[in-house]
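So the structure is just underneath, and the comments pick up after that.
The values are calculated or read from the model by the stated rules, or taken from the named source; none is laboratory data. It should be emphasised that the depicted structure is a prediction, and the values quoted were computed from it without experimental measurement. All Cβ positions, glycine included, derive from the backbone under ideal geometry; neighbour counts span all protein chains shown. What goes into the accessible areas is simple: the full protein's heavy atoms, side chains included, and nothing from ligands, DNA or RNA. Shrake-Rupley method; radii C 1.70, N 1.55, O 1.52, S 1.80 Å.
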Amino acid sequence: MKSAVVVEPNKVEIQNIDIPKTGDNEVLIKVKTVGVCGSDLHLFHGTHAFRNPPAILGHEIAGEIVEVGEGVTKFKVGDRVTVEPHIGCGECEYCKKDLLNLCTGKKAPGTPGWIGTFSEYFNAPEQTVYKLEDNVPYEIGTLIEPLAVGIHAISRIAVQERDTIAILGSGTIGLLTLVAAREAGFKNIICTDTQQFNLDMAEKQGATLVLNPIKDNIEEKVKEFTNGRGVDVAIVAADAPVIVDQASSIVRKRGEVGIVAMITEQIPVNTYNFVFNEINLFGAMTYETKDFAKAAELVNNGLDLSDFITQRLPLEESQEALDILSKKKENVVKVLVEVEK
Ligand SMILES: NC(=O)c1ccc[n+]([C@@H]2O[C@H](COP(=O)([O-])OP(=O)(O)OC[C@H]3O[C@@H](n4cnc5c(N)ncnc54)[C@H](O)[C@@H]3O)[C@@H](O)[C@H]2O)c1
Ligand SMILES: [Zn+2]
Ligand SMILES: [Zn+2]
C-alpha cells in the first residue's frame with residue numbers, strides 16, 4: 001500500500017509498504033481522509049519531540065473498517081470510524097488515572113510499532129476506535145481529534161466564572177477551542193489572529209470580539225471590552241515570543257492562562273503579572289479519553305465543522321499539503337488529505 005513518509009526534514013516521499021497485520025484486538029481501516037496537523041509540521045521540519053524522520057505522517061483519520069481481529073466485539077466490517085490516536089502503557093501512574101495523554105510510554109501513530117495515518121490502510125486497537133454516524137462525512141469525522149484538543153484545553157480551566165475567555169491564535173486549534181468554549185457556555189469569546197481570514201472565521205463561529213495583534217493593542221482593547229477587569233481565562237493557541245505575556249496582561253486577578261500551543265523555542269515570560277495578579281498557569285496536552293468521546297458525541301449529534309476545511313489534496317500531494325499549512329501560502333485552517341475519495 002502507499003504511505004506518505006517524511007524521509008528527511010522537509011522531504012516527503014510516497015512509499016510502498018506492507019499493509020499492517022490486524023492484531024486480535026485490532027481493526028483494519030481503509031483510510032478515507034486524514035488531517036494535516038501542526039505536529040505533522042514538526043515531524044516534517046524535524047523538530048518534533050518524539051516523532052523523528054523517517055516516519056509516516058499523520059494521526060488524524062476517518063475511514064471504513066475492512067477487517068476485524070478475532071477478539072474484536074464492538075465493531076464489524078463496513079463500520080465508518082475515527083481513531084483516538086494514542087495507546088497508554090497501561091501500567092503507569094497516569095494510565096491508571098485514565099490520563100493516557102501523560103503516559104511517557106504511550107504509543108502514537110508514526111512512532112515505532114504503529115504506522116502513521118497517511119497510508120491506505122491503518123490498524124488500530126478496538127478501544128481507540130469510535131463509530132461515525134451515517135450522516136457524518138468522513139472529512140468531518142477527521143476533525144474529531146483536533147476538536148478533542150480544544151475540549152481538553154477547556155476542561156483544564158479551573159475558574160468557575162464563564163463570563164469571558166480570550167483565545168490567542170485562531171488556527172485549527174484556536175478555532176476548535178472556540179467551539180469548545182461555546183459549548184462550555186462562555187458568554188463572551190475574544191479571539192486574536194494575525195490573518196484576517198482566520199478572524200472572519202472566528203467571528204462566524206461565534207467570537208464576540210476579534211482582534212489582530214498587528215493592528216490592535218490587545219491589552220487595551222480587551223480591558224476596554226471587559227470594563228477594565230480582564231478576561232477570566234486566556235488560552236494560548238499560537239506560537240509567538242510575546243504571547244504568554246500578552247495572555248497574562250489581559251487576564252483578571254485570580255484568572256488563568258492556559259497554554260495549548262507547542263512553543264518549542266524558549267520564550268521570555270514576565271512572571272510579575274502572574275504574582276501580582278495571582279494568575280494560575282496550566283498546560284493542556286492532547287486529550288483524555290473522555291474528551292475524545294465528548295468530541296465524537298458532539299460531531300455525531302450534528303455539530304457542523306465543515307467551514308474549517310479549507311483545502312483537500314490527494315495523498316500524492318502530501319508534501320504540498322504540509323507546505324500550504326507551513327507557509328500559509330493560502331487562506332488556511334484545516335488541510336485534509338483525501339487518501340481515498
Ligand atoms: N497541546 C496539544 O496537544 C496540541 C495539539 C495540536 C496542536 N498543538 C499546537 O497548537 C498550536 C496551534 O496549532 P494549529 O494547528 O491551530 O496551528 P495553526 O498554524 O493552524 O494556527 C496558528 C494560528 O496562530 C496565528 N498567529 C500567529 N502569530 C500570532 C500572534 N502573535 N497572535 C495571534 N495569532 C497568531 C496564525 O495566523 C494561525 O492562524 C501549535 O503550536 C500546535 O503545535 C497543540
Ligand atoms: Zn492533530
Ligand atoms: Zn502509561
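Listing for the model above:
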{"item": "Single unsatisfied condition, residue 54 versus (1) more than 16 Å from residue 288 (Cα to Cα); (2) surrounded by fewer than 19 Cβ atoms within 10 Å (Cβ to Cβ); (3) modelled with pLDDT of 95 or more", "result": "(3)"}
{"item": "Conditions (1) surrounded by fewer than 24 Cβ atoms within 10 Å (Cβ to Cβ); (2) closer than 20 Å to residue 262 by Cβ; (3) within 16 Å of ligand 2 (Cβ to nearest atom): number failed by residue 114", "result": "(2)"}
{"item": "Condition met for residue 168 (under 17 Å from residue 283 (Cβ atoms) and touching a residue at least 40 places away in the same chain (Cβ under 8 Å))", "result": "yes"}
{"item": "Residues of region 76-98 satisfying the condition of being assigned to a strand (DSSP E or B) and among the β-branched types (Val, Ile, Thr)", "result": "81, 82, 83, 87"}
{"item": "Of all residues in region 65-105 being in contact (Cβ under 8 Å) with a residue 40 or more places away in the chain and open to solvent by 50 Å² or more (accessible area, probe 1.4 Å), the one that is nearest to the chain's Cα centre (by Cα)", "result": "102"}
{"item": "Residues that are β-branched (Val, Ile, Thr) and either closer than 23 Å to residue 295 by Cα or part of a helix (DSSP H, G or I) (or both), drawn from region 177-195", "result": "177, 179, 189, 190"}
{"item": "Long-range neighbours under 7 Å by Cβ, at least six apart or interchain, first residue on the phi > 0 side of the Ramachandran plot within region 236-260, second open to solvent by 10 Å² or more (accessible area, probe 1.4 Å)", "result": "254/278"}
{"item": "Check on residue 195, open to solvent by 50 Å² or more (accessible area, probe 1.4 Å), away from ligand 2 (no atom under 16 Å from the Cβ) and over 28 Å from residue 275 (Cα atoms)", "result": "yes"}
{"item": "Selection status of residue 133, part of a loop (DSSP other than H, G, I, E, B), closer than 23 Å to residue 51 by Cα and out of contact with any Cys (no Cβ under 7 Å at 6 or more places or on another chain)", "result": "no"}
{"item": "Residue count for region 148-158, restricted to those that are open to solvent by less than 20 Å² (accessible area, probe 1.4 Å) and part of a loop (DSSP other than H, G, I, E, B)", "result": "1"}
{"item": "Enumeration of residues in region 47-73 that are of a type outside the set (S, T, N, Q) and closer than 16 Å to residue 112 by Cα", "result": "48, 49, 50, 51, 53, 54, 55, 56, 57, 58, 59"}
{"item": "Every pair of residues 6+ apart whose Cβ atoms lie under 7 Å, when the first sits in region 275-298 and is under 30 Å from residue 136 (Cα atoms) while the second is more than 16 Å from ligand 3 (Cβ to nearest atom) and part of a loop (DSSP other than H, G, I, E, B)", "result": "284/156; 284/260"}
{"item": "Region 130-147 residues that are of a type in the set (Val, Ile, Thr), paired with ones that are in a loop (DSSP other than H, G, I, E, B) (beta carbon under 6 Å, 6 or more apart)", "result": "140/305"}
{"item": "From the options 309, 259, residue that is in the same structural domain as residue 333 (by TED's automatic domain parsing), touching a strand residue (DSSP E or B) at 6+ places or on another chain (Cβ under 6 Å) and open to solvent by 10 Å² or more (accessible area, probe 1.4 Å)", "result": "309"}
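Yes/no per residue for (1) more than 14 Å from ligand 2 (Cβ to nearest atom); (2) among the hydroxyl-bearing types (Ser, Thr, Tyr); (3) under 26 Å from residue 5 (Cα atoms):
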{"residue": "102", "(1), (2), (3)": "yes, no, no"}
{"residue": "124", "(1), (2), (3)": "yes, no, yes"}
{"residue": "132", "(1), (2), (3)": "yes, no, no"}
{"residue": "141", "(1), (2), (3)": "no, no, yes"}
